Amino acid sequence: MDEDVIVCRCEEVTLGEIRKAIQEGARSVTGVKRRTRAGMGLCQGRTCEATVARILARELGKKVEEFEPATARPPILPVTFGLLAGEADEENS
Amino acid sequence: MKRTVDVVVVGGGVIGSATAYYLAKEGAEVALVERADVASGTSSSCDGNVLAIDKMPGFDSQMTFKSQQLLEGLQSELGYDFEYRQLGSTLAVEDDEEQVRVARDWVARQSAAGLPMRYIEADDVHADEPLLAPDIVGLVECASDCSLNPMALVYAFVQAARQAGAEICPYMEVRSILRDGAGAVRGVDTSGGMICSPRVVLCAGVWTPGLAATVGVDIPIVPRKGHILVAERTARNGRRKVMEFGYLMAKFGGQEGRRVEPEMEHYGIALVFEPTPHGNFLIGSSRQFVGFDTRCDVRVLQLMARRAIRFFPFIKDVNVIRSYAGLRPYTPDHLPIVSPVNEVPGLYVAAGHEGDGIGLSPITGKLMAEIVTGKPTSIPVEPLRLDRFNQDKK
């Protein structure tokens, strides 16, 4: 497959960059993320995470099931700072 | 891999990787042992600031200044882009007589000590940072402050250490430190077998006390949890790093001149705003002693968001895409430990940098290499000695 194909659309990370991260020592979805930013964007890896796991499996000769998703952290969906801060509560009080 | 080396460095975060790099550069045979991936603990759950602005005037700020000077050269020396940017940083001063007085005094003391600091008056505040709230009356600026990508800095040190001959051993856990009949270090027992070495440097941050305990040594480092919020990429963004001046008070435990709700004080919340080169920004900060729990507390995140909006009203419409929390290795006097361990010949500690490990990693790695190889040190290391904590007991 073409090394220039984009795997993480939010952060525009290519297949070539992900392969390079694995060569440098990435052994997990999180390891790839920390080295390339794949999964750090707006969708937080919802689109690319499964693909990154498949690339890891193929490059390292393992099963895709062996790769856990990156650590889940709040918020589950993007939320504005205003909403998080409880702007509405303050205005009503 | 080699089963006998000159030095084993335990911990693949920023301190361990910097230490391995400087040791290898000195010509030592080094093995860096890390239980997971490199940059997977505190060094991947922090921000990337290298700040002299918030250090106590004196040894603390001078040590940071020295580290900043090293860092400038490391960008080309290490040959790996760690997104280094020297834009300076500022502290936002609120409209409070006491806060203004303390801030002006802070600038005077730091400038006298040779740091490139100045006070920006009310009329010029919004020319420096147009997005700040209208009631901010002053800025403390430190021109030498910089920011970088902390994980990339670890990868840079690791790559350069490897090129200088160090052996990097990720996914290998040190179980205990081994001693000979006379009580001196003779190696480490790991999940990958034994490594013989007359010297072991513990660079394991908040996990250092657990390792030192395997040879009965007490290290006064406690995990202090800090949360960070990550914003989406946004067209409107701050120019450079801004913290609230009250952050200094939150850090050192003083109160005067900062008016926040008790709940905010309880979680040690103070604004830290850090734009990244990728077009988004990070928001900190919180400080809590809650053991090794790194789960994000939504209440803390809410209060952090509220505090951030108070200084940067524009962000209320910006999306938060992620949060994370890390464990900062706290010491009782806010200075790291970069020192031999008297009771165990051959054992050394480089840990306890709380929120300054990224910024202090160059000077720490260099000092540790100098101490281990018996060279004169770049700066005095007395204030960093482990035995400073025993003085009351003696």
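For chain B, pairs of C-alpha atoms spaced more than 34 angstrom apart make up 27 percent of the total. Taking amide H as placed 1.01 Å from N in the peptide plane, the amide H of B:E26 sits under 5 Å from none that are at least 5 places away or on another chain. Can you classify the protein assembly as shown as rounded, prolate or oblate using the Cα gyration tensor, where a ≥ b ≥ c are the square roots of its eigenvalues, rounded means a/c under 1.5, and otherwise it's prolate if a/b beats b/c and oblate if not? Oblate. Amide H to amide H, with H built 1.01 Å from N, B:G138 comes under 5 Å of B:V93, counting only residues 5 or more places away or on other chains.
For region B:33-87, the gyration tensor built on C-alpha atoms gives an oblate shape. Its axis ratio a/c (a ≥ b ≥ c) is at least 1.5, and a/b is not larger than b/c.
Taking the inverse of the mean reciprocal distance over all distinct Cα pairs, the Kirkwood hydrodynamic radius of region B:245-369 comes to 16.7 Å. Counting neighbouring beta carbons within 10 Å and listing from fewest to most, the residues B:I363, B:I321 come out as B:I321, B:I363. Counted over region A:1-71 with a bin width of 5 Å, the fraction of Cα pairs per bin, in whole percents, is 3, 21, 33, 28, 13, 2, 0. Based on C-alpha pairs under 8 angstrom that are at least 6 apart in sequence, chain A has a relative contact order of 23 percent. Multiplying the residue separation of B:R295 and B:E83 by 0.36 nm and removing their Cα-Cα distance gives an extension gain of 73.5 nm. Based on the Cβ-Cβ distance from B:E29 to B:S76, what FRET efficiency comes out when R0 is 30 Å, to the nearest 0.05? According to the calculation, E is roughly 0.70.
FRET efficiency for the pair B:T234 and B:R118, taken as 1/(1 + (r/R0)^6) with r the Cβ-Cβ distance and R0 = 22 Å, rounds to 0.15.
The value given for region B:4-53 is a Kirkwood hydrodynamic radius of 11.8 Å, derived from the mean inverse Cα-Cα separation.
Scaling the Cα radius of gyration of region B:300-363 by the globular reference 2.2 N^0.38 Å produces a ratio of 1.72. Mean sequence separation of contacting Cα pairs (under 8 Å, at least six apart), scaled by the length of region B:196-352, corresponds to a relative contact order of 36 percent. Helical content of chain B, expressed as a calculated mean residue ellipticity at 222 nm, amounts to -9000 deg cm²/dmol (DSSP H runs of 4 or more residues, -39,500 (n - 2.57) each, divided by residue number, nearest 500).
For chain B, the relative contact order is 23 percent, taking Cα pairs closer than 8 Å that sit 6 or more residues apart in sequence and dividing their mean separation by the residue count.
Pairs exceeding 25 Å between alpha-carbon atoms, taken from A:K20/A:K62; A:K33/B:K25; B:K241/B:K316; A:K20/B:K66: A:K33/B:K25; A:K20/B:K66. The alpha-carbon atoms of region B:119-206, seen along their principal axes, cover 68, 30, 20 angstrom, with the largest extent given first. By the equivalent-ellipsoid construction on the alpha carbon gyration tensor, region B:179-269 comes out with semi-axes of 43, 20, 11 Å, ordered largest to smallest. Classify region B:1-106 as rounded, prolate or oblate, taking a ≥ b ≥ c as the square roots of the eigenvalues of its Cα gyration tensor: rounded when a/c is under 1.5, otherwise prolate if a/b is larger than b/c and oblate if not. In terms of gyration-tensor shape, prolate.
Coordinate-derived values only; no laboratory data. Note that the structure is predicted; figures quoted are calculated from it, not measured. Neighbour counts are summed over all protein chains in view; Cβ atoms, including those assigned to glycine, are modelled from backbone coordinates with ideal geometry.
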